[in-house]
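All remarks here apply to the structure that follows.
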Amino acid sequence: MRIFLIEDDQEISERLVSGLEALGYVVDHADNGPDAYVIGKDENFDAVILDLGLPGLEGLEVLRRWRADGVQLPVLVLTARGMWSEKVEGLNAGADDYITKPFHIPEVDARLKALIRRNSGLATPVFTNGNVSLDTANGRVTLDGKPVDMTARELRMLNYFMHRLGRIIPQAELTEHLYTLDESRESNTIEVYVSRLRRKLGADIIKTVRGMGYRMDERK
């Protein structure tokens, strides 16, 4: 999943980026309010981690402007320990959840996954489509009950499709969710990873919709 981290503290940012990337997330980062507002409005993320004390534009104001603009990204607010008033303000401004500092990466991971599931209308971390099962809590994939080894990017792509069964996903959208804004992107990347998923999970697991993108149909 693609996460937008908005935090101006370098140490906290580095800890979150390294910890979440190790868990398979794609993480883009902004360290000030004005950049955060523009990027969050224009780019497509699965969830946001938002610190409230930002230079240039307060985190709460960034959030209020997003909601006023119709941006419905799930937002996890970072707050100082014991600052219940910040939690209330954040939730009233449109935040979906909060986590206090200091925090542990596994808790951040769990809260992000819960937000993304709820945003997709799902209640469980285990997604099953036909004979393919994906446990988002531990990144485990099975085919007919047998484990399937996946690279980090293969897992990201499968996760993205499983959250959007039946929807045609353009190639550009898939590319956005496999790479950060700063990473180089080769033109045939998506075709390569789609081919790998088909080889591992079945040739019909992902359909090519000519001129539009790719689709994973819901299967019984």
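The values are calculated or read from the model by the stated rules, or taken from the named source; none is laboratory data. What you are looking at is a predicted structure, and each value in this text was computed from that prediction instead of being measured. All Cβ positions, even for glycine, are placed from backbone atoms using ideal geometry, and neighbour counts span all protein chains on display. SASA here: full protein model, heavy atoms, side chains in, ligands and nucleic acids out. Shrake-Rupley method; radii C 1.70, N 1.55, O 1.52, S 1.80 Å.
Here are the numbers:
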item	result
Alpha carbon centroid spacing (whole Å) that separates the stretch 128-162 from the stretch 1-39	25 Å
13 Å Cα-Cα reach of LYS207 towards aspartates and glutamates, excluding residues that sit fewer than 8 places from it in its own chain	GLU191, ASP217, GLU218
Residue order for TRP66, TRP84 - accessible surface, 1.4 angstrom probe, largest first	TRP84, TRP66
The chain: Rg to Rh, with Rh as the Kirkwood radius over Cα pairs	0.98
Whether the stretch 1-81 is rounded, prolate or oblate, judged on the alpha carbon gyration tensor where a/c under 1.5 counts as rounded	oblate
Cα→Cβ-extended label distance, 7 Å offset, between SER85 and GLU11, nm	2.6 nm
Partner lysines for LYS101 [C-alpha distance under 25 Å; skip if fewer than 8 residues away on the same chain]	LYS87, LYS113
Aspartates and glutamates with Cα under 15 Å of LYS41, excluding same-chain neighbours fewer than 8 positions away	ASP28, GLU61, ASP69, GLU176
Phi to ³J(HN,Hα) by Karplus 6.51 cos²θ - 1.76 cosθ + 1.60 over the stretch 19-27, Hz, x for Gly, Pro	x, 6, 5, 5, 8, x, 7, 9, 10
In degrees, nearest ten, helix 189-201 long axis to first principal axis of the chain (Cα)	60 degrees
Most positive-pole-ward Cα, THR136, LEU158, ILE206, against dipole of the chain from beta carbon charges	ILE206
Cα-based shape type of the stretch 52-133, given that a ≥ b ≥ c are square roots of the gyration tensor eigenvalues and the cut on a/c is 1.5	oblate
